[in-house]
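The values are calculated or read from the model by the stated rules, or taken from the named source; none is laboratory data. In this text, all values refer to a predicted model and were calculated from it rather than measured experimentally. With ideal geometry, Cβ positions are generated from the backbone for all residues, glycine too; neighbour counts draw on all protein chains shown. We work out accessible area using only protein heavy atoms, side chains counted, and drop any ligands, DNA or RNA first. Shrake-Rupley method; radii C 1.70, N 1.55, O 1.52, S 1.80 Å.
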2 protein chains.
Amino acid sequence: MMNKKLIFCAVFALLTGASGMAQEKLFNGSSVQSPVKNADGTVTFNLYAPQARQVSVSGDFLPTVKMKTPKGEIDVPGSAQLTKSAQGMWSYTTTVLSPELYSYAFNVDGLNINDPANIYMNRDISTYSNIFIITKTKGDKGYLYSVNEVPHGNLAKVWYESPTLKMQRRMTIYTPAGYDKGKAYPVLYLLHGAGGDENAWSELGRASQIMDNLIATGKAKPMIVVMPNGNPDSQAAPGEWSKGMYKPTFMASISPKTPKATIEESFMDIVNYVDSHYKTVKSREGRAVCGLSMGGGHTFGIARLYPLTFDYYGLFSAGLHLSKPINLKDPSLYDEMKADKTFQQQMKTLFNSNPKLYWIAIGNTDFLYKANADLRRFLDDNHYKYEYVETDGGHIWRNWRIYLTAFAQKLFKASPTSSR
Amino acid sequence: MMNKKLIFCAVFALLTGASGMAQEKLFNGSSVQSPVKNADGTVTFNLYAPQARQVSVSGDFLPTVKMKTPKGEIDVPGSAQLTKSAQGMWSYTTTVLSPELYSYAFNVDGLNINDPANIYMNRDISTYSNIFIITKTKGDKGYLYSVNEVPHGNLAKVWYESPTLKMQRRMTIYTPAGYDKGKAYPVLYLLHGAGGDENAWSELGRASQIMDNLIATGKAKPMIVVMPNGNPDSQAAPGEWSKGMYKPTFMASISPKTPKATIEESFMDIVNYVDSHYKTVKSREGRAVCGLSMGGGHTFGIARLYPLTFDYYGLFSAGLHLSKPINLKDPSLYDEMKADKTFQQQMKTLFNSNPKLYWIAIGNTDFLYKANADLRRFLDDNHYKYEYVETDGGHIWRNWRIYLTAFAQKLFKASPTSSR
């Protein structure tokens, strides 16, 4: 086998090296390696760019810096200068990094670029960042986000009909290892945020890796994870439907038509499809729903619309609002809740049904912190039972991976005889 | 809905704009668009890089240029200079382009980069190229490679056990629209080339789009398409197995261990898995196998190892060899075939069984042209029935998409009563 491969190599190296499309450069005859994980726990970035005048790296492993905005100061990832060798190689070495999935990009003479030596990238809206993972011990965050030598679930892109939205729509479905041999699995519905799509949780969120690793180590029950598209004006992620290869943005509506319903109103289309096409536990005990940001807002709404359909709710940095749009300052969401009789009745019905878990998580610098504090105040006033987790940091994927890891371990573990 | 989205937008624009990770730049207050398809059929590329001294684009829409190599002259994609506006925007406009999927990259002061305004990219080994599609009429190549408003098949990443290779392995499986309602589907096994993996055909090859569009227009039968990983030393694509986020190359073996078998020897593990987990036609009439380059070589071997298992064979720019490694010059494969009694007996058994199709396709400048001509000479000598398609061009994905499109339309259409 290797002989054949080697001969192919020699010829292909000629072809690809000559194509003018190859991004990587040879440095002293060998290909550039970046990022390099050093034995001392630091990481070195390398970029071969002899003609560049200034190269920096920005990434979430650098201390954040304060940036002033009209809404106040916010924390943004810091950046650091690379230094140039006599041969034209630019390099920067970090401090010792703790276990985590990190993101970064280079800036060369004012132009933001990806690291040509690192094929691993995540897209968030219209921006790619390179990623790398630091792991030190089995079970740490880096381990949970990595593909390990454990049984793997399958991941499918599935088209379904939404009678409510009157369109074909695409979703991502994770089935756990051994699914073909099992009888009936509980289902977690996992919702993305604004600007995201049905690929967000499996790519940026590392959902497959987290679930594989939690299930393999017995920390989470084997479950199906359904990741639908939360934009009622789109059938699928950019480039995956007939709208063509458009450039995604937050601002632009994708479709000229007003959607026929909201995601919350059409949500049972998804549940019905999953229950009729997969081996599921078709009752409340076997269903959880959670989401980040806009998807946390969807969860907040779904819980009230279908209070007996799900037993577990997770609000991750949730974008909460009632009839009015999200408002970051005043009037407070708390006042709105106190004035909204429909909302109060919905919440009463929901909490009187004793859901097994209503879980709220948010970072202490999140711009949605106040609205979530308002919700907690309302829940406290009414003695509605919920769990609350507050982490460092803001409205970032790093937190959402942590929240999924924590939430998934709480699901479907109640004994069948536990009191309601 | 839009109100909520707009509020999110305003806040997120602040956060992402401030993150230092955003790659795209605002130009006169609006985001850069690139590539832009102009009304006259040309395409304009734009890059905002006020500090750059020289910017070029290389792509397969530019006239190829000859490059001398130790093996002779080869055609490589040409490049063109972009010109800079007073505001720092670099631009280039192509000639009128015919329907096709095109690839390109920029070079800025010696550094190859992707187009930050275009999120659509394909990875080939360790290099990303941006892509765009030109389509003019329904049914042209651009149409076939696009996602259109037709019923869509599902695409799954599936882990299976290979008893022969003694490992868990990953493959991509396309199930056609309506699969859940059908009874039994024929299966096309679609194999990638050296340096590729189980993602190659669905990404670089646009296999889902081609199959969706051919099936929707009645040009191909609904079929399952199985795209396994053809590297016996890897479980999965880079980053998708426990080897970590390594940098893929042609040269390096991924695993320190010698594989327990070749892909050809282990191939029935895949067929058996698919037949036991999917609604398949479990006989020769319902099975086709084809592949590009190394995968064409695999097909060449699989046809001889399992002559009654498949009825349709497709060799796309096949890397052909017998016991000796691939040799691009002398001694000729023809001489080897004439001297190899085992090979002759295998081919006799295969062709005496009257397979419905043995299909060979290659580009007239392909570096594997001679070996494929040798195979045809051997087949002609023995009056073995095959079909042959010769196209322009070389060893490139553009040809392989064309071959899949042609081959898929020939499959599973023989009436059950046709003579063997």
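Using the structure shown, decide if B:Asp392 is surrounded by fewer than 12 Cβ atoms within 10 Å (Cβ to Cβ) and either assigned by TED's automatic domain parsing to the domain that holds B:Ser283 or free of Cβ contacts under 8 Å to residues at least 24 places away in the same chain (or both).
Values: surrounded by fewer than 12 Cβ atoms within 10 Å (Cβ to Cβ): yes; either assigned by TED's automatic domain parsing to the domain that holds B:Ser283 or free of Cβ contacts under 8 Å to residues at least 24 places away in the same chain (or both): yes.
Considered against the rule, which asks whether it is surrounded by fewer than 12 Cβ atoms within 10 Å (Cβ to Cβ) and either assigned by TED's automatic domain parsing to the domain that holds B:Ser283 or free of Cβ contacts under 8 Å to residues at least 24 places away in the same chain (or both), B:Asp392 comes out as yes.
So, in segment A:110-148, how many residues would count as being at the interface with chain B (Cβ under 10 Å from one of its Cβ atoms), in contact (Cβ under 8 Å) with a residue 12 or more places away in the chain, among the hydrophobic types (A, V, I, L, M, F, W, C) and within 20 Å of A:Trp397 (Cα to Cα)?
Residues meeting the conditions: 5.
Table: residues versus (1) modelled with pLDDT under 70; (2) part of a strand (DSSP E or B).
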| residue | (1), (2) |
| --- | --- |
| A:Ala10 | yes, no |
| A:Ala13 | yes, no |
| A:Met21 | yes, no |
| A:Glu24 | yes, no |
| A:Ser34 | no, no |
| A:Val57 | no, yes |
| A:Pro63 | no, no |
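Report the residue count in segment B:71-109 for those that are over 28 Å from B:Trp400 (Cα atoms) and either more than 8 Å from chain A (Cβ to nearest Cβ) or not in a strand (DSSP E or B) (or both). Full working, then the answer.
Residues of segment B:71-109 over 28 Å from B:Trp400 (Cα atoms): B:81-92, B:108-109.
From the residues that got through so far, the ones that are either more than 8 Å from chain A (Cβ to nearest Cβ) or not in a strand (DSSP E or B) (or both) too are B:81-92, B:109.
Within segment B:71-109, residues that are over 28 Å from B:Trp400 (Cα atoms) and either more than 8 Å from chain A (Cβ to nearest Cβ) or not in a strand (DSSP E or B) (or both) number 13.
With the requirement that a residue be open to solvent by 10 Å² or more (accessible area, probe 1.4 Å) and over 17 Å from B:Leu214 (Cα atoms), what does segment B:166-187 give you?
Keep residues of segment B:166-187 that are open to solvent by 10 Å² or more (accessible area, probe 1.4 Å), which gives B:166-168, B:170, B:175, B:177-186.
Across segment B:166-187, the qualifying residues are B:Lys166, B:Met167, B:Gln168, B:Arg170, B:Asp180, B:Lys181, B:Gly182, B:Lys183, B:Ala184.
Mind checking whether some residue in segment A:257-276 is in contact with a strand residue (DSSP E or B) (Cβ under 6 Å, 6 or more places away or on another chain), outside any strand (DSSP E or B) and under 20 Å from A:Ile360 (Cα atoms)? Explain how you work it out, then say what you get.
Keep residues of segment A:257-276 that are in contact with a strand residue (DSSP E or B) (Cβ under 6 Å, 6 or more places away or on another chain), which gives A:266, A:269-270, A:273-274.
Applying the additional criterion that residues be outside any strand (DSSP E or B) yields A:266, A:269-270, A:273-274.
Among the residues that remain, those that are also under 20 Å from A:Ile360 (Cα atoms) are: none.
Within segment A:257-276, none of the residues are in contact with a strand residue (DSSP E or B) (Cβ under 6 Å, 6 or more places away or on another chain), outside any strand (DSSP E or B) and under 20 Å from A:Ile360 (Cα atoms).
Can you find even one residue in segment B:276-291 that is of a type in the set (Phe, Trp, Tyr) and open to solvent by less than 10 Å² (accessible area, probe 1.4 Å)?
Checked against the condition, which is being of a type in the set (Phe, Trp, Tyr) and open to solvent by less than 10 Å² (accessible area, probe 1.4 Å), segment B:276-291 yields no hits at all.
Would you confirm whether or not segment A:149-161 contains a residue that is more than 8 Å from chain B (Cβ to nearest Cβ), touching a residue at least 40 places away in the same chain (Cβ under 8 Å) and either assigned to a strand (DSSP E or B) or in contact with a His (Cβ under 9 Å, 6 or more places away or on another chain) (or both)?
Scanning segment A:149-161 turns up at least one residue that is more than 8 Å from chain B (Cβ to nearest Cβ), touching a residue at least 40 places away in the same chain (Cβ under 8 Å) and either assigned to a strand (DSSP E or B) or in contact with a His (Cβ under 9 Å, 6 or more places away or on another chain) (or both).
Run B:Pro256 past the list (1) more than 24 Å from the chain's Cα centre (by Cα); (2) modelled with pLDDT of 95 or more and report the number of the one that doesn't hold.
(2)
Let me confirm something: among A:Gly110, A:Gly178, A:Gly153, A:Gly139, which residue is of a type in the set (Gly, Ala, Ser), farther than 27 Å from B:Ala49 by Cα and touching a Lys or Arg at 6+ places or on another chain (Cβ under 9 Å)? So that I can check it myself, show each step before the final result.
Values: A:Gly110 fails: farther than 27 Å from B:Ala49 by Cα; A:Gly178 fails: touching a Lys or Arg at 6+ places or on another chain (Cβ under 9 Å); A:Gly153 fails: touching a Lys or Arg at 6+ places or on another chain (Cβ under 9 Å).
When all the criteria are applied, what remains is A:Gly139.
Here is a yes/no grid of residues against (1) open to solvent by less than 20 Å² (accessible area, probe 1.4 Å); (2) in a helix (DSSP H, G or I); (3) touching a residue at least 60 places away in the same chain (Cβ under 8 Å):
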{"site": "A:Lys338", "(1), (2), (3)": "no, yes, no"}
{"site": "A:Gln345", "(1), (2), (3)": "no, yes, no"}
{"site": "A:Asn354", "(1), (2), (3)": "no, no, yes"}
{"site": "A:Ile362", "(1), (2), (3)": "yes, no, no"}
{"site": "A:Thr365", "(1), (2), (3)": "no, no, yes"}
{"site": "A:Ala373", "(1), (2), (3)": "no, yes, no"}
{"site": "A:Arg376", "(1), (2), (3)": "no, yes, no"}
{"site": "A:Leu379", "(1), (2), (3)": "yes, yes, no"}
{"site": "A:Ile402", "(1), (2), (3)": "no, yes, yes"}
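Looking only at segment B:128-143, filter to residues that are open to solvent by 20 Å² or more (accessible area, probe 1.4 Å) and within 15 Å of the chain's Cα centre (by Cα); which one of those is farthest from B:Trp400 (Cα to Cα)?
From segment B:128-143, those open to solvent by 20 Å² or more (accessible area, probe 1.4 Å) are B:128, B:135-141, B:143; that's our starting set.
Subset that is within 15 Å of the chain's Cα centre (by Cα): B:128, B:141.
Details: B:Tyr128: 18, B:Lys141: 12 Å.
The selected residue is B:Tyr128.
Of these, B:Met121, B:Met171, B:Met227, which one is closer than 30 Å to B:Thr42 by Cα and modelled with pLDDT of 95 or more?
Values: B:Met171 fails: closer than 30 Å to B:Thr42 by Cα; B:Met227 fails: closer than 30 Å to B:Thr42 by Cα.
When all the criteria are applied, what remains is B:Met121.
Give the residue that is most open to solvent (accessible area, probe 1.4 Å), with candidates limited to residues of segment A:39-83 that are under 24 Å from the mean Cα position of the chain (by Cα) and more than 19 Å from A:Leu101 (Cα to Cα). It would help to see each step written out before you state the result.
Of all residues in segment A:39-83, those under 24 Å from the mean Cα position of the chain (by Cα) come to A:57-65, A:74-79.
From the residues that got through so far, the ones that are more than 19 Å from A:Leu101 (Cα to Cα) too are A:65, A:74.
Numbers: A:Val65: 71, A:Ile74: 35 Å².
The selected residue is A:Val65.
Which of (1) open to solvent by less than 40 Å² (accessible area, probe 1.4 Å); (2) modelled with pLDDT under 95 is the odd one out, the single condition B:Thr249 does not satisfy?
(1)
For segment A:277-303, how many residues are more than 18 Å from A:Thr164 (Cβ to Cβ) and assigned to a strand (DSSP E or B)?
6
Please go through segment B:304-333 and give me each residue that is more than 29 Å from B:Lys282 (Cβ to Cβ), modelled with pLDDT of 95 or more and assigned to a helix (DSSP H, G or I), ordered by number.
none
Kindly establish whether B:Asn114 is modelled with pLDDT of 95 or more, more than 30 Å from B:Gly286 (Cα to Cα) and under 22 Å from the mean Cα position of the chain (by Cα).
Criteria met by B:Asn114.
Any idea which of (1) more than 11 Å from chain B (Cβ to nearest Cβ); (2) touching a residue at least 24 places away in the same chain (Cβ under 8 Å); (3) over 20 Å from B:Trp241 (Cβ atoms); (4) not in a strand (DSSP E or B) is the one A:Gly218 doesn't satisfy?
Condition (2) is where A:Gly218 drops out.
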